[in-house]
1. Taking other Cβ within 10 Å of each residue's Cβ, how do 79, 41, 68, 51 sort, fewest first?
2. For a quick check: sort 36, 48 by the number of other beta carbons within 10 angstrom, fewest at the front.
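Values quoted throughout were computed directly from the atomic coordinates according to the rules given, and no laboratory measurement underlies them. Just so you know, these numbers come straight off a predicted model, no measurement behind them. Heads up, the Cβs are rebuilt from the backbone with ideal geometry, glycines too, and the neighbour counts pull from every protein chain shown.
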């Protein structure tokens, strides 16, 4: 995955979350419950000017790692499934 693809993924995730949160007309069918894949966390801490800041998802910053790519694909599958279930959507 190229670094430029990650911001696009985040934008798509934000957009899909916004669309899913939009109120539906009364006649619209209920969307299936979203079952997001589990996200692994790690005990990673960064020191910033004397303050220790936990960063449990730091491993996701390596956008060339196979594990990150698998995570992105799993998240995209959930998003695509939800978008496909929306009425009048032609994603």
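1. Listing 79, 41, 68, 51 from fewest to most nearby Cβ atoms yields 51, 41, 68, 79.
2. Ordered from fewest to most neighbouring Cβ atoms within 10 Å, 36, 48 come out as 48, 36.
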